[in-house]
1. A 30 angstrom limit on the alpha carbon distance is what I want to check against. Which of 120/167; 119/167; 167/226; 191/213; 121/231; 61/231 exceed it?
2. Between residue 226 and residue 50, how high is the FRET efficiency from 1/(1 + (r/R0)^6) when r is the Cβ-Cβ distance and R₀ = 35 Å? Nearest 0.05.
3. In what sequence, highest mean first, do 96-107, 217-228, 132-143 appear when ranked by Cβ atoms within 10 angstrom?
4. What order do you get for 180-189, 231-240 when each peptide is scored by the mean count of other beta carbon atoms within 10 Å, highest first?
5. Under a point spin-label approximation (7 Å from Cα along Cα-to-Cβ), what is the residue 167-residue 110 distance to one decimal in nm?
Amino acid sequence: EFLSQTTTPELEADDGFIVTSASSAQSTPAISALSGNISPDSQTSDPITKAVRETIIQPQKDNLIEQILKDLAALTDRDLAEQKRKEIEEEKDKTLSTFFGNPANRAFIDKALENPELKKKLESIEIAGYKNVHNTFSAASGYPGGFKPVQWENHVSASDLRATVVKNDAGDELCTLNETTVKTKPFTLTKQDGTQVQISSYREIDFPIKLDKADGSMHLSMVALKADGTKPSKDKAVYFTAHYEEGPNGKPQLKK
């Protein structure tokens, strides 16, 4: 009882979005852990992209490569092990996009990802990284055009349906997002840390493939809910992200 009276409540994580009008000077990132789609420093000055790369993507890649090298050291085929080790060392830019993009290396990546300790490291990097990015580059923190909470509205006809209209910073509608809470037969899911949780419901968000209502860019960051369907605290949240960049005709195009 004493602790319950003195402990500060944890803040819940929120769904967030960033939108810009056409030809905005500020660009935003395609957040995708372990992807090679974020440009090197020399090709971008976007501080959000840089933060994502430095706090999430590159640390995850570094830890994954470290485990792959350990696995290669134990590989019976020493010629193959040496070949793959050289491939890793020869990528001077350290993004390792060539190695990760080579289908022939998928087996080495998958094997490394089976390691329980690596799974824990990757999850902790992702949680800490997203927390940093959302705190630093949020509108609430004063960052111009930063992440803002998604304002979902319940459908009058069904309690398991919600929607929100997303507009660019000029007030033009980009799209309407629809969310459905799906109830399912309970099943067990194993988390990255090896623990198991039982899932009886999940949410589906209808991310549009094509946007043609207005010009600009849109970047969505949707928090992954806990097993009981509630939001996790900001300190423990991970996110599903979708990113639409302004295309040649000015309309947002789904990139990741």
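Every read-out reported here was derived from the displayed coordinates using simple, explicitly stated rules and does not represent laboratory data. The structure presented is a predicted model; accordingly, all values stated were derived computationally and were not measured. Cβ: placed from backbone, ideal geometry, glycine included. Neighbour counts: every protein chain shown.
1. Numbers: 120/167 37 Å; 119/167 37 Å; 167/226 28 Å; 191/213 39 Å; 121/231 22 Å; 61/231 28 Å.
Exceeds cut-off: 120/167; 119/167; 191/213.
2. Values: r = 31 Å, r/R0 = 0.87.
It comes out at approximately 0.70.
3. Result, highest mean Cβ count within 10 Å first: 217-228, 132-143, 96-107.
4. On the way: 180-189: 10.4, 231-240: 15.6.
Highest-to-lowest ranking by the protection proxy: 231-240, 180-189.
5. The answer from the label model is 4.8 nm.
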